[in-house]
1. Looking at this structure, is PHE50 assigned to a strand (DSSP E or B) and either of a type outside the set (S, T, N, Q) or in contact (Cβ under 8 Å) with a residue 12 or more places away in the chain (or both)?
2. Filter the range 38-82 down to the residues that are open to solvent by less than 50 Å² (accessible area, probe 1.4 Å) and not aliphatic (A, V, I, L, M), then identify the one that is nearest to MET1 (Cα to Cα).
3. Considering each of LEU19, LEU34 in turn, give the residue that is open to solvent by 70 Å² or more (accessible area, probe 1.4 Å) and hydrophobic (A, V, I, L, M, F, W, C).
4. Hey, could you check the range 83-112 for residues that are in contact (Cβ under 8 Å) with a residue 12 or more places away in the chain and either among the charged types (D, E, K, R) or more than 19 Å from ALA16 (Cβ to Cβ) (or both) and say which is least open to solvent (accessible area, probe 1.4 Å)?
Amino acid sequence: MLKRIVLAAVQFIAFAILLGIGGYWDIVRLVLQLRPGLKWFADLFPLLRFQVTANHVLVANGILFAGILCVLILLIEALRKASRSTMLITVSTYVVAVILSLALKIGLPPAS
């Protein structure tokens, strides 16, 4: 039981870090392009931008990065023949991390 809790916490932290880095991918990409040896890495992932409202632009690279990590974790769990509850924990951790990051990035709706 403790192993599953620790696994969920580590996965949530990894998803949150990737969502944070991807949320500011336009800045990270600009810094990488200014470095002479890392320009190829910046061009590896394109910038995904969406206009949410008139004042908010959502950079969706974090969802892409965390989704790739989630698929990789699920593939490793499938190859290890892990239980379905472990895969359910992984998917639910990803969903919670995405919902929290979108709530922090876009903002929560008004209470009234």
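The values are calculated or read from the model by the stated rules, or taken from the named source; none is laboratory data. Everything numeric in this text was worked out from a predicted model, so none of it was measured. Cβ sites come from the backbone with ideal geometry, for glycine too, and all protein chains shown count toward neighbours. What goes into the accessible areas is simple: the full protein's heavy atoms, side chains included, and nothing from ligands, DNA or RNA. Shrake-Rupley method; radii C 1.70, N 1.55, O 1.52, S 1.80 Å.
1. When the stated conditions are applied, PHE50 passes them.
2. GLU77
3. Details: LEU19 fails: open to solvent by 70 Å² or more (accessible area, probe 1.4 Å).
Within the list LEU19, LEU34, the selection yields LEU34.
4. THR86
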